[in-house]
Amino acid sequence: MSRTSDKTVIDRPPVVADSEPQKSIGGLKIQASALRSYTMVFALVGVWLLFTWATDGIFLEARNFSNLMRQTAVTGVLAVGMLMVIVTGQIDLSVGSIVGLTGGISAIAMTSLGWGLVPSLAAAICAGLIIGALHGGLVAYANVPSFIVTLGGLLVWRGVIKGITHGITIPVSLDSFKAIGQSYVARSVGLLIAGLAIAAICWLTIRRVRARTQYGLAAPHSLETALRVLGPSLVVLGFTLALNSYAGVPIPVIILLAIALTGAFLAQNTTFGRYLYAIGGNADAARLSGISLRRHILMVFCLMGVLAGVAGVIYTARVGSGSPDAGVLLELDAIAACVIGGASLMGGRGTIFGACLGAVFMASLDNGMSLKNVPDFTQDIVKGSILVAAVGLDMLGRRKNA
């Protein structure tokens, strides 16, 4: 894990993430992260075709596809925050318990305390922020390994939600709250949002290329730049058209899209994001360059807590109740989504787009195996094996590069 000393040397320039290793395909050099993303897309399509064949076409029917995307939203929101945590060389094993706790807090606020929609949402997100700040403070300032802090948090916050709910499920009757997890927007609104998302993808990509050129870093090939724009844009457009074929784009998917685009902007186009990659890539060099490791680690855990609070709200709204067992093992889905999407548990590498693709992949496994009535223990074996295989391939690739 990264060292968190705050000693700095101010006469050296700040560290920024340089270009990643490149691979040549047909004479065209493509960054490794982009190649992993394209590979992940093909793997996802393969899984979809397999489950479509195994379920006689039910898997990709409009209704099930819409349900799949709503399932993806919770894991995807967590994966965005987890990606930033992993990039810094840290880990958060408590997010599933935080989802259960924050969702339970929002349900209690509405039912037992009689609070309205906005105060209940604020209570859940503030609770996530406080928990994230506590974890980040212990990791950054008390130098307790994040694995230990968040493993303890996994047990502590699960115990807290069991205590405040007395082990019972709390149903939510407020329709405006349940709409967050269950409702859809009009088809025209969905297309408009997709257009805005595609415009944002184009702007983020072009802005990043210009920034790399301005600072003298190697800019990607024009064809690679086009693929970086075209790939995600086609994904957004295709998903929107598929969702519109049923009842429209679900509100949880819109929330995920907004968070993913914001996360991509923070990670790729801000000093904060550059520093996260620098810390995970080489903590000592980042510290000597004047980057405050403690402050950035604290901030990234706070961000993770807020996103866990948002995920808790979506989860509770989707099922219509707060439960002491909500969010169990979601932390493993979030970590697996990041690793499958190309992030390295050693830190310094990963993309928001890859993490979101990984979240879709994990949700597809859950959905497809449930449609086939695969036993729970078999599902756990399959997902665990995929996670180990993804980490193993990552380590193998690192040895080859070395």
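The values are calculated or read from the model by the stated rules, or taken from the named source; none is laboratory data. Values in this document were obtained by computation on a predicted structure and should not be read as measured data. All Cβ positions, glycine included, derive from the backbone under ideal geometry; neighbour counts span all protein chains shown. The accessibility values were calculated without ligands, DNA or RNA, using every heavy atom of the protein model including side chains. Shrake-Rupley method; radii C 1.70, N 1.55, O 1.52, S 1.80 Å.
Some points to look at:
- Verdict on residue 258 being part of a helix (DSSP H, G or I) and open to solvent by 40 Å² or more (accessible area, probe 1.4 Å): yes
- Among residues of the range 164-177 that are without any contact (Cβ under 8 Å) to a residue 60 or more places away in the chain, those with a Cβ under 7 angstrom from a residue that is outside any loop (DSSP other than H, G, I, E, B) and surrounded by 12 or more Cβ atoms within 10 Å (Cβ to Cβ), sequence gap 6+ or separate chain, pair up as 176/117.
- Among the residues of this structure, residue 265 does not count as one that is among the hydrophobic types (A, V, I, L, M, F, W, C) and without any contact (Cβ under 8 Å) to a residue 60 or more places away in the chain.
- Filter pass, residue 265 being over 28 Å from residue 185 (Cα atoms), aromatic (Phe, Trp, Tyr) and in a helix (DSSP H, G or I): no
- Of all residue pairs spaced 6 or more apart or on separate chains, those with beta-carbon atoms under 9 Å, a first member in the range 127-141 that is modelled with pLDDT of 95 or more and a second member that is buried (at least 24 other Cβ atoms within 10 Å of the Cβ) and acidic (Asp, Glu) are 132/92; 135/92.
- Residues of the range 86-120 classified as assigned to a helix (DSSP H, G or I) and either small (Gly, Ala, Ser) or crowded, with 21+ Cβ neighbours inside 10 Å (or both), total: 18
- Count of residues meeting criterion [among the charged types (D, E, K, R) and within 21 Å of residue 311 (Cα to Cα)] in the range 173-201: 2
- Test: residue in the range 158-172 that is open to solvent by less than 20 Å² (accessible area, probe 1.4 Å), touching a helix residue (DSSP H, G or I) at 6+ places or on another chain (Cβ under 7 Å) and not in a helix (DSSP H, G or I): yes
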